[in-house]
Amino acid sequence: MDTHGAGTTMKVASVVGAASLGLAAIAWNVAVFAIALFGMQVASAFLFYEAAFVFLVQRDVGQAKRQITTLTLIVGFSSTLFWPLTDWLLALISWRGVFAIYMVADILVALPLIVWAVGTGSVHLTSRNDDHQRQVSSAHPPKMIDVALIAIGFSLTTFILSAYLGQMIPILSSLGLGATAPWISALFGPSQVLIRFFAASLTSTMPPVKLTLLSSILLSVAGPILELSSGTVFGAVIFMVLLGFSSGLNSICRGTLPLSVFGSHGYGRRVALITGVRLLTASVAPLVYSVIQQQSGATIALAALTACGLGSILAFVLLAALQPVSDGRLPL
């Protein structure tokens, strides 16, 4: 994306994604279906949040922070809309038909929108706008310690969110919530969207590192609240809302914090490095949490996630302390 432009790679990825959806629709055995799933995942790396963040930064770095917030608000409705839509379609047609419909939607809706977005603004890969670059107040030559702290902080928060979301129903059921567990877990999506309505005002007044710390704090207190509520519905609702708030802010900060710390030059490479580490931890989180819960119980498992949350807070506090102070104020 840094070399060829995020707009170009997003257009290619949209075609690859459509082809993969089509291959899944006509898959004649498990191996072919697995190849189709692999193609979808590869394409998604060039289409989802971080890829879109790179495109927005390349397109207009001065407006990128505001546009990243707007983007996450809109995309926050995707699971809220498409999970019920997919379920409704499966009641009417076969799963092959659903894949075919989404392939057509990719070609006729998503790809033209990407082409339109790329065509509405110029992207300069070799000549950055110096004035906009200077507006990124804390941007400075990259240091590996900064990259490492951001990667560690986001990896820990992603580990927690992945563990919670991957085991949500068992977690709530183990606390005696039983049949209410699915209804409580449904609050996660709306909570993400709700916090993003307020995120635009927060991002204009709060530095990205502070917003990231707020996200980590909300995530860290969610587990103890669930544990101390002794399995009450009210406590579980507060837990789920805080989880949604944290996740909603976290998705914004994954784009704005690296931009704030490093600026736009080489943004794609740094976001890719951080995202690679983050997704690696996400892939093992549900299994690790499940093993801890089975061997030591839900209380110890929740305590382990809280410890991870405190670790993310520490990482972002250290990151803030290492940032240069240009206006006489503390970086926090």
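The values are calculated or read from the model by the stated rules, or taken from the named source; none is laboratory data. This one's a predicted model, so the numbers in the text were calculated from it and none came from an experiment. FYI the Cβ positions are ideal-geometry reconstructions off the backbone, even for glycines, and counts take in every protein chain you see. Note: accessible area is taken over every heavy atom of the protein model, side chains too, but ligands, DNA and RNA are not part of it. Shrake-Rupley method; radii C 1.70, N 1.55, O 1.52, S 1.80 Å.
Residue-level check: of (1) more than 16 Å from the chain's Cα centre (by Cα); (2) of a type in the set (A, V, I, L, M, F, W, C); (3) open to solvent by 20 Å² or more (accessible area, probe 1.4 Å); (4) at pLDDT 85 or above, residue 277 misses just (1).
When the stretch 17-44 is filtered for residues that are assigned to a helix (DSSP H, G or I), aliphatic (A, V, I, L, M) and buried (at least 16 other Cβ atoms within 10 Å of the Cβ), the ones remaining, listed by number, are 18, 19, 21, 23, 24, 25, 36, 40, 43. Residue 196 meets all of the listed conditions (1) surrounded by 23 or more Cβ atoms within 10 Å (Cβ to Cβ); (2) modelled with pLDDT of 85 or more but one, namely (2). Filter the stretch 1-16 down to the residues that are within 21 Å of the chain's Cα centre (by Cα) and assigned to a loop (DSSP other than H, G, I, E, B), then identify the one that is modelled with the highest pLDDT. Taking the candidates together, the pick is 1.
Quick grid of which residues meet (1) open to solvent by 40 Å² or more (accessible area, probe 1.4 Å); (2) among the β-branched types (Val, Ile, Thr):
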residue: 47; (1), (2): yes, no
residue: 52; (1), (2): no, no
residue: 57; (1), (2): no, yes
residue: 64; (1), (2): no, no
residue: 71; (1), (2): yes, no
residue: 82; (1), (2): yes, no
residue: 87; (1), (2): yes, no
residue: 90; (1), (2): yes, no
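A Cβ distance below 7 Å, combined with a sequence gap of six or more or placement on separate chains, defines the contacts here; from the stretch 237-249, residues that are in contact (Cβ under 8 Å) with a residue 60 or more places away in the chain reach residues that are aromatic (Phe, Trp, Tyr) and surrounded by fewer than 24 Cβ atoms within 10 Å (Cβ to Cβ) in the pairs 243/188.
In the stretch 272-294, the residues that are in contact (Cβ under 8 Å) with a residue 12 or more places away in the chain reach residues that are of a type outside the set (A, V, I, L, M) and not in a helix (DSSP H, G or I) with C-beta atoms within less than 7 angstrom, at least six apart or across chains, in these pairs: 286/167; 289/167; 290/167. Residues that are among the aliphatic types (A, V, I, L, M), under 26 Å from the mean Cα position of the chain (by Cα) and farther than 16 Å from residue 107 by Cα within the stretch 22-41 comprise 34, 35, 36, 37, listed in sequence order. Scan the stretch 253-261 and give yes if some residue there is in contact with a helix residue (DSSP H, G or I) (Cβ under 8 Å, 6 or more places away or on another chain), open to solvent by less than 10 Å² (accessible area, probe 1.4 Å) and of a type in the set (Val, Ile, Thr), otherwise no. Yes, that holds for at least one residue.
In the stretch 165-182, of all residues being within 12 Å of residue 293 (Cβ to Cβ) and in a helix (DSSP H, G or I), the one that is modelled with the lowest pLDDT corresponds to 174.
Restricting attention to the stretch 77-101, the residues that are modelled with pLDDT of 85 or more and among the β-branched types (Val, Ile, Thr) total 3.
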